[in-house]
Amino acid sequence: MKQIGVGILGFGTVGAGVADGLLKHREVMAKRLDVDIVLKRIADLDITTDRGISVPAGVLTTDAKSVLADPEVQIIVETIGGTGIAKTFVLEALNNRKCVVTANKKLLAEYGKEIFETAK
């Protein structure tokens, strides 16, 4: 079975929810998709606050660049928000030939053209 690694940037409410869903539903998704979606890395400035979920050892880091450069991560989920560092990280992920998932409306409204051009 093919394996796809996921990295999450931001571990607040949304990032923790994404991580929780990936961890809780991994087996069901694998059966339905015939692809094993594995949470490989999560980057956040604060990795000590309890988010109410348990992640495997070695997944949490404060170094977002290491997540963006990790060859085992094919998909980056941006949950930081805003247009500052989120834009930088999204563009870097795309330049590293990674797929990006975001619901950051402000980022896409202000920089969508540049992001989609980079994605091409």
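Couplings for region 65-71, taken from phi via the Karplus curve 6.51 cos²θ - 1.76 cosθ + 1.60 with θ = phi - 60°, read 4, 5, 5, 5, 8, 5, x Hz in order; Gly and Pro are left as x. Normalised per residue, the accessible area of the chain is 59 Å², obtained with a 1.4 Å probe and no contribution from ligands, DNA or RNA. If R0 is taken as 25 Å, the Cβ-Cβ distance between D50 and K24 corresponds to a FRET efficiency of 0.90. Over the chain, DSSP H runs of length four or greater, each weighted -39,500 (n - 2.57), average out per residue to a 222 nm ellipticity of -13000 deg cm²/dmol. Annotation for region 42-107: trypsin sites (Lys or Arg not before Pro) lying in DSSP loop with at most 14 further Cβ atoms inside 10 Å of their Cβ are R97. Among the protein heavy atoms of the chain, carbon and sulfur supply 55% of the accessible surface, probe 1.4 Å, non-protein parts ignored. An oblate overall shape is assigned to region 45-98, the ratio a/c of its alpha-carbon gyration tensor axes (a ≥ b ≥ c) being 1.5 or greater and a/b not exceeding b/c. Plainly put, the chain has a radius of gyration that is 0.96 times its Kirkwood radius, both from alpha-carbon atoms, as the Rg/Rh ratio. Its Cα centre serving as origin, the chain has a Cβ charge dipole (Lys and Arg +1, Asp and Glu -1) of approximately 340 debye.
Legend: P(r) of region 13-68 from all alpha carbon pair distances, 10 Å bins from 0, whole percents, reading 22, 51, 24, 3. A Cβ-based charge dipole, computed about the Cα centre of region 1-70 with Lys and Arg at +1 and Asp and Glu at -1, lands at about 260 debye.
The values are calculated or read from the model by the stated rules, or taken from the named source; none is laboratory data. Since we're looking at a predicted model, the values are computed, not measured. As a convention, Cβ positions derive from the backbone with ideal geometry for all residues, glycine included, and neighbour counts pool all protein chains shown. Protein only, heavy atoms only, side chains kept; ligands, DNA and RNA dropped before computing areas. Shrake-Rupley method; radii C 1.70, N 1.55, O 1.52, S 1.80 Å.
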